[in-house]
Amino acid sequence: MNASAVFKNRSLPYLLIAPQIAVTLAFFIWPAAMAVFQSLLREDPFGLATEFIGLANYVDVLEDPRYLDTVIRSCVLAVVVTAGAMATALVLATMADGVGRGSGVYKTLLIWPYAVAPALAGVLWFLIFNPSIGVVGRGLNRLGVVWNPALDGTQAFVLIVVAAAWKQISYNFVFFLAGLQTIPRAVIEAAAIDGAGPGRRFFTIVLPLLGPTTFFLLVVNLVYAFFETFAVIHATTRGGPNSATETLVFKVFNDGFVGLDLGGSAAQSVILMALVGGLTALQFHFLDRKGAR
Amino acid sequence: MVETRPFLALLRHLVLLAGAGVVLLPVWLAFVAASMSGGDMMNGELGLVPGSQFYANARTVLVDGLRSGGVPPVGLMMLNSLWMALAISIGKIAISLLSAFAIVYFRFPLRKLMFWMIFMTLMLPVEVRIVPTFKVVADFGLLDSTAGLALPLIASATATFLFRQFFLSVPPELAEAARIDGAGPMRFFVDILLPLSRTNIAAMFVILFIYGWNQYLWPLVATTGESHYTVVMGIQRMVAVPDAEPIWNIVMATALLGMLPPVLVVLAMQRLFVKGLVGGDK
């Protein structure tokens, strides 16, 4: 913006920005600072005495084999949900892009689950996988697979993955379709004239051109799978059976509100902040590149 | 020209139909469950054919909730969700428009610092600061209130960024002309900038309404009284019943009602929704 389009006023800009700064300070910066502070303290369960213990909470958290299990579990969940939701969406978007007439109808049919809350998506699949009355759960039991996510940790994990990925397909679909529609027809046609078939065109032209979209979605999906899956898990398996579906966010919540281990929970929060920070930085790296072009 | 292959066209339609089917199936099965009577559910046969009790079940949960499970009427919870979603979307749009206006159209000391402060909120989703945020909101006496539900979610930088990007794309000659004609900054903001931002605001509203309605973790900790539950969060009280099967027809009627408003918003405003999401000028 050049200088001539700037208004001159001493106090007005502060007044305009004040509400956002106030909310940011009170509900974002201050709690985050408190989390960092709290993570350096040990408080007795009655909140009567606190002592400064340095990084001991972090050491406790990182040396706890259960925490490391949770890290691995969350990473597996994030990778599987991201891969599943993105691959499915890419296939559907590629099909919808080339379908010509009727693509609008398919688009409408495919994008509405974006509006379904993760918690409700979890509840829907919880019924489907129910071993006694769910269509899939009962079907599997009839086929001789012993299916009961309430007892089998792996099966509970599958339930969470399917529900979380199902909900995310529509988001990825919207972005992939938008990305596909920006690819110039002429490029595709030139390749076709040169004799490249549909498969070859997809892998050598379409997919590389979708790179930026794919990278953006990768980060968004990872953040979703790390953080928003809490609702899917809490509304259905509650982290069970035997912690088989306990994720990092679930553990922060559980240790903080149920176990009342404030220092440990705060240390975990700070570790999560670092994780989001890293993912956000990645995203910005991408946005910068996009802006530079 | 790209060759036309009838087989490929058929395959496309088949894949898309299968995809649409997989996407729709869970909701159809939920509808089937929600249309069964309590007795039908006992028989354990839940197929693809709906029963006749949907209206009765929907009415029951809307008006009564599930008293045995400590779940208030779904109608009340949906109203709570509505207030929360509106407070979040309107509040976020209002403060973001003002701060983006300040950042783009003024030069003032601390501008950069404030910009980065707003920016940092991107790294602080409510999930990572849940315990201390709870403490802050409790200290303000805001538990069990719409303000308490909305405020900690309101200040994320996403909306501020979108409006900043848009303001930067508005030709600077407009502000210049307004100034030469003697219009003050607020006059320019209200009479020129806001009308130009109309579609962007609407698109943002669609996205934020859905975001607000679908909140789960924050309402879970910020509400203690059952009459303040939101529907997306309240449903877990019906599902997680110790040592018993959930009453599935009631649960599913609640789930369907709970997803209806945001799904309707997406379907009714599909174009705005896609614009708000992808953020392009397409």
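The values are calculated or read from the model by the stated rules, or taken from the named source; none is laboratory data. In this text the structure is predicted, and so the values were computed from the model without any measurement. Cβ: placed from backbone, ideal geometry, glycine included. Neighbour counts: every protein chain shown. Heads up: the accessible areas ignore ligands, DNA and RNA and are worked out on the full protein's heavy atoms, side chains in. Shrake-Rupley method; radii C 1.70, N 1.55, O 1.52, S 1.80 Å.
Report the calculated FRET efficiency for A:SER243 and B:LEU196 (r = Cβ-Cβ distance, R0 = 60 Å), to the nearest 0.05. It would help to have the intermediate numbers written out before the result.
Working: r = 53 Å, r/R0 = 0.88.
The calculated FRET efficiency here is 0.70.
Any idea which of B:THR121, B:LEU76, B:ALA87 is furthest toward the positive side of the dipole for chain B, if Lys and Arg beta-carbons carry +1 and Asp and Glu beta-carbons -1?
B:THR121
What is the magnitude of the charge dipole of chain A about its Cα centre, with +1 placed on the Cβ of each Lys and Arg, -1 on the Cβ of each Asp and Glu, and no other charges, expressed in debye to the nearest 20? Could you put the intermediate results ahead of the total?
Working: 18 positive and 16 negative charges, 270 e Å.
About 1300 debye.
Considering only protein heavy atoms, what per residue accessible area in square angstrom results for region A:55-292 with a 1.4 angstrom probe? Provide the component values of the computation, followed by the final result.
On the way: 9430 Å² over 238 residues.
About 40 Å² of surface per residue is accessible.
Can you compute the modelled spin-label distance between B:GLU176 and B:GLU245, with each label point 7 Å from Cα toward Cβ, in nm?
Placing both labels 7 Å beyond Cα along the Cβ direction yields 7.4 nm.
Heads up, I need the accessible area for B:MET78: 1.4 angstrom probe, whole protein in place, Å², nearest 10.
Roughly 40 Å² of B:MET78 is accessible to a 1.4 Å probe.
What is the sum of charges, Lys and Arg at +1 and Asp and Glu at -1, for the other residues whose Cβ falls under 14 Å from the Cβ of B:TYR216? Please list the in-between numbers first.
Values: positive: A:LYS167, A:ARG238, B:ARG237; negative: A:GLU228, B:GLU127.
Net local charge, B:TYR216 excluded: +1.
Taking the protein assembly as shown on its own, what percent of its Cα-Cα pair distances exceed 37 Å?
Details: 61200 of 165025 pairs.
Tail of the P(r) past 37 Å holds 37 percent of the pairs.
If the chain between A:ALA22 and A:PHE257 were fully stretched, how many nm would it gain, using 0.36 nm times the residue separation less the Cα-Cα distance?
Numbers: separation 235, 0.36 × 235 = 84.60 nm, distance 2.67 nm.
Stretched out fully, the A:ALA22 to A:PHE257 stretch lengthens by 81.9 nm.
What residue among B:ARG67, B:ARG271, B:ARG107 shows peak mean-square fluctuation when chain B is described by a Gaussian network model with Cα springs under 10 Å?
Result: B:ARG107 has the largest fluctuation of those listed.
A:ILE183: accessible area at probe 1.4 Å, nearest 10 Å²?
The value for A:ILE183 is about 20 Å².
Please name which of B:LEU272, B:LEU142, A:LEU151 has its Cα lying farthest along the dipole of the protein assembly as shown towards the positive end, using unit charges on Cβ (Lys, Arg +1; Asp, Glu -1) and the Cα centre as origin.
Of the options given, the answer is B:LEU272.
What chymotrypsin sites (Phe, Trp or Tyr not before Pro) in region A:1-88 are in a loop by DSSP, with at most 12 other Cβ atoms within 10 Å of the Cβ? Don't skip to the end; give the middle numbers.
Working: sites: A:PHE7, A:TYR14, A:PHE27, A:PHE28, A:PHE37, A:PHE46, A:PHE52, A:TYR58, A:TYR67; in loops: A:PHE46.
Within region A:1-88, the qualifying chymotrypsin sites (Phe, Trp or Tyr not before Pro) (loop, at most 12 other Cβ atoms within 10 Å) are A:PHE46.
Binning every alpha carbon pair distance of chain A at 5 Å from zero, what are the percents per bin?
Spelled out per bin, shortest first, that is 1, 5, 9, 11, 12, 13, 12, 11, 9, 7, 5, 3, 1, 1, 0, 0.
Given A:GLY122, A:GLY139, A:SER74, which one lies farthest toward the positive end of the charge dipole of region A:65-163, if we put +1 on the Cβ of every Lys and Arg and -1 on the Cβ of every Asp and Glu?
The one lying farthest along the dipole's positive direction is A:GLY139.
Which FRET efficiency value, to the nearest 0.05, is calculated for B:GLU226 and A:LEU15 with the Förster distance at 35 angstrom and r the Cβ-Cβ distance? Please report the intermediate quantities before stating the final value.
Numbers: r = 40 Å, r/R0 = 1.15.
FRET efficiency, B:GLU226 to A:LEU15: 0.30.
Just to be sure I understand the rule: take each whole DSSP H helix in chain B, project its Cα atoms onto its long axis, keep it if the span is 20 Å or more and its mean Kyte-Doolittle hydropathy is at least 1.0. Which ones pass? Intermediate values should be presented prior to the final figure.
Details: long enough: B:6-34 (41 Å, 2.03); B:74-105 (46 Å, 1.80); B:198-213 (22 Å, 1.33); B:248-268 (29 Å, 1.94).
In chain B, the long hydrophobic H runs are B:6-34, B:74-105, B:198-213, B:248-268.
Can you give the mean number of other chain Cβ atoms that lie within 10 Å of the Cβ atoms in peptide A:126-138?
Values: counts 6, 12, 6, 0, 6, 0, 3, 10, 4, 8, 2, 0, 4.
Averaged over the peptide's residues, the number is 5.
Check which residues have an amide H placed less than 5 Å from B:LEU66's amide H, if you skip close sequence neighbours.
B:VAL71
Evaluate the charge dipole of chain B about its Cα centre and quote only its size in Debye, nearest 20, assuming +1 on the Cβ of each Lys and Arg and -1 on the Cβ of each Asp and Glu. Could the numbers behind the result be given before it?
Numbers: 18 positive and 15 negative charges, 184 e Å.
It works out to roughly 880 debye.
Which of the helices in chain A, when you take each full DSSP H run, stretch at least 27 Å along the axis at their Cα atoms and have an average Kyte-Doolittle score of 0.5 or higher?
Values: long enough: A:65-98 (50 Å, 1.19); A:153-181 (42 Å, 1.21); A:262-292 (44 Å, 0.83).
Helix filter hits for chain A: A:65-98, A:153-181, A:262-292.
Sort out for me the Cα centre separation of region A:173-244 from region B:154-216, rounded to whole Å.
Measuring centre to centre over Cα atoms gives 30 Å.
Picking from A:PRO184, A:PRO113, A:PRO131, which is most flexible by a Gaussian network model of chain A using Cα springs under 10 Å?
Ranking A:PRO184, A:PRO113, A:PRO131 by mean-square fluctuation puts A:PRO184 first.
By accessible area of protein heavy atoms, probe 1.4 Å, what ranking do B:GLU176, B:GLU127 get, highest first? Mind dumping the intermediate values first?
Values: B:GLU176 55, B:GLU127 25 Å².
Ranked from most to least accessible, the order is B:GLU176, B:GLU127.
Could you give the size of the charge dipole of the protein assembly as shown about its Cα centre, using +1 on the Cβ of each K and R and -1 on the Cβ of each D and E, expressed in debye and rounded to the nearest 20? The partial results should precede the final answer.
Values: 36 positive and 31 negative charges, 379 e Å.
In total the dipole reaches around 1820 debye.
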